[in-house]
Amino acid sequence: MDGLGRIVAEHPFFAGLDLPFRELIAGCAKNVRFEAGDYIFREGADANAFYLLRDGRAALEISSGEGPMVTFQTLDPGQILGASWLVPPYKWDFDARAIDRVRAISLDAVCLRTKCEENHDLGWDLMKRFVPELSARMQAARLQLLDIYGRKS
Amino acid sequence: MDANPNAATAVSSAAMADAMLPRRFHVARKRNETADTLTFDLAPADTSDGFSFAPGQFNMLYLFGLGEVPISISGDAEQTDRLVHTVRLVGSVTDGFADLKRGDTIGVRGPYGAGWPMDECNGGDVLVIAGGLGLAPLRPAMYHLFNHRDHYRRVSILYGARSPADIVYHDEIQRWRQQLDINVEVTVDHADLRWHGNVGVITPLVAKAEFDPANTTALVCGPGIMMRFVAATLERRGLASDRIYVSLERNMRCAIAHCGHCQLGPHFVCKDGPVLSHDRVRDILQIAQV
Ligand SMILES: Cc1cc2nc3c(=O)[nH]c(=O)nc-3n(C[C@H](O)[C@H](O)[C@H](O)COP(=O)(O)OP(=O)(O)OC[C@H]3O[C@@H](n4cnc5c(N)ncnc54)[C@H](O)[C@@H]3O)c2cc1C
């Protein structure tokens with residue numbers, strides 16, 4: 001397995017991935033680096049990748065209307081960044097910014113979507129990894145929406 | 001044998017009257033924690049007798065002319081010359097705390113209730129998990145852990161707040177974080193760009209905390225929903241429900257298991273609690289008011 005394939009396979013998101021899938025995914029992968037404060041992507045831009053965070057943390061930010069930008073989630077190494085590449089019209093819904101220097105694997109969205117169309121077993125494997133992530137984030141968003149600490153109790 | 005069948009009632013009425021009598025304390029110090037939360041140091045007004053309590057217990061604080069509220073003790077149980085309470089201003093009585101000045105007098109009844117199971121924590125890992133003002137009743141437990149650090153294995157403190165401005169005991173948390181033998185993680189629900197710490201709910205911190213499920217006690221206090229999700233995450237990690245302790249800050253009145261105001265099923269929160277093991281209160285945590 002080449003370097004990228006090994007890095008992909010060692011990332012917690014892809015734990016236990018079958019060898020043929022690793023190679024397919026590694027074919028869409030490249031190493032990327034962002035300095036602290038750099039945007040990884042901006043709201044409204046094309047969601048043409050998703051990221052496996054390896055080092056450094058990232059903040060997800062959204063505009064609160066008139067007010068300043070609000071961070072609603074931070075992500076640590078070992079987590080993934082971005083799901084909009086899966087959902088048409090493939091645009092980012094928020095900004096992502098590097099808090100520290102971030103090293104990550106970027107997976108090209110068009111390349112991955114094409115491979116998933118061609119190989120539904122790969123697509124299904126990816127879905128089984130993504131859906132629990134999405135469900136956990138939806139649960140977290142619900143709790144944040146409830147503003148549990150802000151309530152007068 | 002006593003011939004008077006009412007004697008027992010008469011005795012318990014006298015004992016009850018005694019238990020209902022507040023002691024007078026002076027405000028020795030008052031400081032702002034957040035926009036709506038204040039911490040008070042109280043010193044006994046009438047005697048130099050100290051005030052003993054166990055971590056997790058609470059007092060009934062009486063503001064003359066306004067009324068009485070249950071408030072957890074948030075200071076160090078080994079410092080008996082001073083009582084520390086942190087109060088969030090949420091309604092008719094607690095709002096009155098904003099007007100208290102240094103030297104003012106308030107009434108104190110207590111301490112009441114069952115506290116945190118510090119003995120049970122001995123020899124194992126300890127997780128202290130607080131949400132919002134839930135850090136106040138847990139702070140005495142933390143002082144206990146710090147004062148007797150060699151009795152415990154890994155100690156982790158996980159704290160969730162609404163935003164950076166809502167973090168209570170801010171400077172103290174900074175000091176805890178510098179201790180090398182304690183893991184302290186703080187997260188907020190949302191923040192502006194000046195905050196460089198964690199943002200997000202507390203459950204992912206619980207999911208990745210380091211502990212040995214076979215030998216860990218978790219002490220949890222916060223809003224009911226938070227305690228429910230935290231307990232579920234701990235159970236998924238293999239921690240038994242009877243090793244997870246939660247503090248139920250239920251509305252109460254007499255604090256001596258007499259009026260029934262705080263009764264939840266078989267438990268009087270004021271006497272059997274406020275700290276109860278999760279296996280005893282799992283169903284109760286689903287009820288809206290908790
Ligand atoms: C064992 C115990 C320990 C507590 N420790 C602390 C503490 O350390 N610091 C602190 O600030 N508060 C604590 N509380 C909560 C505090 O007692 C209440 O906030 C207070 O009684 C509210 O009284 P009030 O007259 O100011 O508000 P009210 O005018 O009576 O009520 C204002 C609002 O708060 C709600 N409310 C009142 N009491 C409670 C309660 N106990 N639980 C949920 N909602 C409530 C009411 O339904 C209403 O919506 C504790 C409660 C208990 C039972």
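The values are calculated or read from the model by the stated rules, or taken from the named source; none is laboratory data. Worth saying up front: this structure is predicted, and the values here are computed from it rather than measured. Virtual Cβ from ideal backbone geometry, glycine too; neighbours counted across all protein chains shown. Just the protein is used for accessible areas: all its heavy atoms, side chains included, with ligands, DNA and RNA removed. Shrake-Rupley method; radii C 1.70, N 1.55, O 1.52, S 1.80 Å.
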I want to confirm something. Restricting to the stretch A:1-21 and keeping residues that are outside any helix (DSSP H, G or I) and modelled with pLDDT of 90 or more, which single residue is farthest from residue A:77 (Cα to Cα)? A:18
Under 8 Å between Cβ atoms, which residue pairs at least 6 apart in sequence (or on different chains) link something in the stretch B:171-192 that is within 20 Å of residue B:226 (Cα to Cα) with a partner that is part of a helix (DSSP H, G or I) and acidic (Asp, Glu)? B:188/B:166
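Restricting to the stretch B:79-96, and then to whatever is within 15 Å of residue B:42 (Cα to Cα) and either exposed (fewer than 14 other Cβ atoms within 10 Å of the Cβ) or without any contact (Cβ under 8 Å) to a residue 60 or more places away in the chain (or both), can you tell me which residue is nearest to the ligand (Cβ to nearest atom)?
Of all residues in the stretch B:79-96, those within 15 Å of residue B:42 (Cα to Cα) come to B:79-87.
Applying the additional criterion that residues be either exposed (fewer than 14 other Cβ atoms within 10 Å of the Cβ) or without any contact (Cβ under 8 Å) to a residue 60 or more places away in the chain (or both) yields B:79-85, B:87.
Numbers: B:79: 17, B:80: 19, B:81: 20, B:82: 16, B:83: 12, B:84: 10, B:85: 6, B:87: 4 Å.
Filtering the stretch B:79-96 for residues that are within 15 Å of residue B:42 (Cα to Cα) and either exposed (fewer than 14 other Cβ atoms within 10 Å of the Cβ) or without any contact (Cβ under 8 Å) to a residue 60 or more places away in the chain (or both), the one nearest to the ligand (Cβ to nearest atom) comes out as B:87.
Do the conditions hold for residue A:37, that is, is it within 17 Å of residue A:85 (Cβ to Cβ) and either open to solvent by 30 Å² or more (accessible area, probe 1.4 Å) or in a loop (DSSP other than H, G, I, E, B) (or both)? Show your work before the answer.
Values: within 17 Å of residue A:85 (Cβ to Cβ): no; either open to solvent by 30 Å² or more (accessible area, probe 1.4 Å) or in a loop (DSSP other than H, G, I, E, B) (or both): yes.
Criteria not met by residue A:37.
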Would you check if there is a residue in the stretch A:126-145 being modelled with pLDDT under 95, within 16 Å of the ligand (Cβ to nearest atom) and within 30 Å of residue B:88 (Cα to Cα)? no
Lone qualifier among A:114, A:74 - being without any contact (Cβ under 8 Å) to a residue 60 or more places away in the chain, within 22 Å of residue B:191 (Cα to Cα) and among the β-branched types (Val, Ile, Thr): A:74
Name the residue that is surrounded by the fewest Cβ atoms within 10 Å (Cβ to Cβ), counting only residues in the stretch A:52-67 that are within 13 Å of chain B (Cβ to nearest Cβ) and touching a Lys or Arg at 6+ places or on another chain (Cβ under 9 Å). A:56
Count - residues of the stretch B:97-136 that are more than 14 Å from chain A (Cβ to nearest Cβ), buried (at least 20 other Cβ atoms within 10 Å of the Cβ) and within 24 Å of residue B:177 (Cα to Cα): 7
